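**Student:** Please find one structure pasted underneath; my questions will follow.
Just so it is clear, none of the values below were taken in a lab; they were calculated from the coordinates. Note that the structure is a prediction, hence the values are computed from the model and not measured. Heads up, the Cβs are rebuilt from the backbone with ideal geometry, glycines too, and the neighbour counts pull from every protein chain shown.
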Amino acid sequence: MGEDVVDTLASLTLFADLTRPQLEAVAHTFEEEIVPEGQRVIRQGFAGTGFYVILEGEASVRVDGEERATLGRGDFFGEVSILLGAPPIADVVATRPLRCLVLPGPELERFLVGYPRVTYRLVQTLARRLQSATQWRS
């Protein structure tokens, strides 16, 4: 992967604590995927395939057809179903063409153990999402 991917990773909160050599290693660990507008990336109720980090574009998170969130540059998805070993609880659909980095599900644990600062930032984001979901219900 090119230097542009490394530079993009460096600008994302999830990877903000990593050194340049670590960012280069991360860029080589993930695969790049382009998803056309309108395509479903993850399907609710079916096996999840990977951990996605959005480099460019926008996606909609939909539960039972109802939009719950919009994701953009720097956001990630797919981690919950991998971590729980359960089917995704939402569809993720590209609302604009997406350029993502993708890590196959079976490789996520090794990646998170190898990069504890990324894990910490991922947990922070998950805590924020949980807090928001809890506030929606009250």
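**Student:** Nearest 500 deg cm²/dmol is fine: what mean residue ellipticity at 222 nm does the chain get from its DSSP H runs of n ≥ 4 alone, each adding -39,500 (n - 2.57), divided by its residue count?
**Tutor:** Values: 5 runs with 54 residues, N = 138.
Theoretical 222 nm ellipticity from helices: -12000 deg cm²/dmol.
**Student:** At a Förster distance of 22 Å, what's the computed FRET efficiency of Gln135 paired with Glu56, Cβ-Cβ distance as r, to 0.05? All intermediate terms of the calculation are to be shown ahead of the outcome.
**Tutor:** On the way: r = 29 Å, r/R0 = 1.33.
For R0 = 22 Å, the calculated efficiency reads 0.15.
**Student:** While we're on this one: For P(r) over Cα pairs in 10 Å bins from 0, in percent, the choices are (i) 12, 43, 37, 8, 0; (ii) 11, 35, 35, 15, 4, 0; (iii) 13, 46, 31, 9, 1; which was calculated from the structure?
**Tutor:** Correct label, based on the coordinates given: (i).
**Student:** List the residues whose amide H sits under 5 Å from the amide H of Phe51, counting only those 5 or more places along or on another chain, with H placed 1.01 Å from N in the peptide plane.
**Tutor:** Those qualifying (amide H under 5 Å, at least 5 residues apart or on another chain) are Leu103, Gly105.
**Student:** Under the classification rounded if a/c is under 1.5, otherwise prolate if a/b is larger than b/c and oblate if not, where does region 79-131 fall, given a ≥ b ≥ c as square roots of the Cα gyration tensor eigenvalues? Could you put the intermediate results ahead of the total?
**Tutor:** Details: a/c = 1.44, a/b = 1.30, b/c = 1.10.
Rounded shape, in that the Cα axes give a/c under 1.5.
**Student:** How many nm is it between the label spots at Thr119 and Ala25, if each spot is 7 Å from the Cα in line with the beta carbon?
**Tutor:** 1.4 nm
**Student:** Mind giving me the FRET efficiency for Ile89 and Asp17? R0 is 35 Å, r the Cβ-Cβ distance, nearest 0.05 is fine.
**Tutor:** On the way: r = 29 Å, r/R0 = 0.82.
FRET efficiency, Ile89 to Asp17: 0.75.
**Student:** Considering Cα pairs under 8 angstrom that are at least six residues apart, work out the relative contact order of the chain and quote it in whole percent.
**Tutor:** Working: 246 pairs, mean separation 39.8, N = 138.
Dividing the mean separation by the residue count of the chain yields 29 percent.
**Student:** Could you compute the net charge surrounding Asp75? Neighbours are other residues with a C-beta less than 14 Å from the C-beta of Asp75; K and R count +1, D and E count -1.
**Tutor:** Details: positive: Arg68, Arg73, Arg96, Arg99, Arg121, Arg128, Arg129; negative: Glu56, Glu58, Glu79.
Neighbourhood net charge equals +4.
**Student:** Quick one: the Cα spread of region 10-78 along its three principal axes, in angstroms, biggest first?
**Tutor:** If we take the Cα atoms of region 10-78, the spans are 41, 20, 19 Å.
**Student:** Same structure, new question: Within a Cβ distance under 9 Å of Asp17, other residues only, what is the Lys/Arg minus Asp/Glu net charge?
**Tutor:** Values: positive: Arg117, Arg121; negative: none.
My count for the surroundings of Asp17 gives +2.
**Student:** For region 27-94, what does the relative contact order come out to in percent, with C-alpha contacts under 8 Å and a separation of six or more? Could the numbers behind the result be given before it?
**Tutor:** Values: 130 pairs, mean separation 29.9, N = 68.
Worked out over region 27-94, it gives 44 percent.
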